Amino acid sequence: MSDINNPHDKLFKETLSVPDNAKDFLQDYLPKKILEQINIQTLEICKDSFIEESLSEFFSDILYSVSFSGQKGYIYLLLEHKSSYDKYTPIQLLQYMLQIWKQHIKENKTSKLPIIVPLVLYHGKSKWNIGTNFINLFDDPPDDLKPYIPDFEYILYDLSQYTDEHIKQRAVYYACVLLAFKYVFGPEEKFLEKIREGLELISSIIDQETGIKALIPLFKYVFNVVGNNCDIEDIKKIITPVSDKKEELIMTLAESLINQGMERGIERGMERGMKKGELNMLSSLYNKGVLTKKAFEKEAAAVQRRKED
């Protein structure tokens, strides 16, 4: 699944696969009783993903290893990026937990299973409306039969239930990402408004090299979401909160994002036929200084070849 078709996955992993971001996130959102049992400084990112390809459009995941009271364990974070929740998500969690245990046994040659703390990060429109115990999927089984039903509890982060002010009080960069996730399925105008609010937060670190690098995946996410509805002027408005701190970034970021948009347009054009006015769009971008002469000539030649074909 490409980052264009599933921008949530790329931003999620580029944000929470950074150890400092992951530690901040877990320290902010894990229950206190769990934090007391782990040594957050032992946290490591495990590169494996357990999402099957057929579900990669709807789920993303990250596995962390961490020490629980001196013993190796795992924290499994599952992002569900649907506009509404899937009541069978706990079945997916159980399946992935089984895979993690199998992998651990194979790699560590042990008969003892490690603890796995499962977390679900959900950013759909509708409120998560099922219990956080696996047994909630069953229709009130008799007490005498409950011992034969597997059960576990997962920690739920339903972003719709957190206020914007609560999110903004978290670590700067991933707070901006959570705001983006929270509003991505809502009206586009609201989504862009919240992105600008988030950038007001991130402007405090924009002079740092890490802060500048952090902007790139976030803006790619925004542009992938709004797609052809976002032009150079829209991008400038979005970037405004940081433009005073790093004015030279504006055109660099804008050019990168516009070019990415054209690549997507080319991809779509090959499937559905080219839209009229593409050369006019390229000329406009060149005249505004977004495209270099070399880039303009290359894209214009490509447009002409497609028309001839």
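Observations on the structure shown:
- A search for C-beta distances below 7 Å between a residue of segment 92-106 that is in contact (Cβ under 8 Å) with a residue 60 or more places away in the chain and within 15 Å of Pro150 (Cβ to Cβ) and any residue that is polar (S, T, N, Q) and part of a helix (DSSP H, G or I), counting only pairs 6+ apart in sequence or on different chains, returns nothing.
- Selection within segment 179-197 - assigned to a helix (DSSP H, G or I) and in contact (Cβ under 8 Å) with a residue 24 or more places away in the chain: Ala180, Phe181, Lys182, Glu188, Phe191, Leu192, Lys194, Ile195, Arg196, Glu197
- Scanning segment 151-168 for residues being in a strand (DSSP E or B) and hydrophobic (A, V, I, L, M, F, W, C) gives a total of 2.
For every residue, the table says whether it meets (1) exposed (fewer than 12 other Cβ atoms within 10 Å of the Cβ); (2) among the charged types (D, E, K, R); (3) under 18 Å from the mean Cα position of the chain (by Cα).
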| residue | (1), (2), (3) |
| --- | --- |
| Phe152 | no, no, no |
| Asp164 | no, yes, yes |
| Ala171 | no, no, yes |
| Tyr174 | no, no, yes |
| Val177 | no, no, yes |
| Ala180 | no, no, yes |
| Phe191 | no, no, yes |
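- Filter pass, Tyr96 being modelled with pLDDT under 95, part of a helix (DSSP H, G or I) and under 25 Å from the mean Cα position of the chain (by Cα): yes
- Sub-6 Å Cβ pairs linking a first residue in segment 135-157 that is among the aromatic types (Phe, Trp, Tyr) to a second residue that is not in a helix (DSSP H, G or I), at least 6 apart or interchain, are Tyr154/Pro118; Tyr154/Val120; Tyr154/Thr132; Tyr157/Leu121, ordered by first then second residue.
- Some residue of segment 53-65 being more than 22 Å from Thr132 (Cα to Cα), at pLDDT 90 or above and of a type outside the set (Asp, Glu): yes
- Qualifying residue in segment 117-128 (condition: assigned to a loop (DSSP other than H, G, I, E, B) and small (Gly, Ala, Ser)): yes
The values are calculated or read from the model by the stated rules, or taken from the named source; none is laboratory data. These figures come from a predicted structure and were not determined experimentally. As a convention, Cβ positions derive from the backbone with ideal geometry for all residues, glycine included, and neighbour counts pool all protein chains shown.
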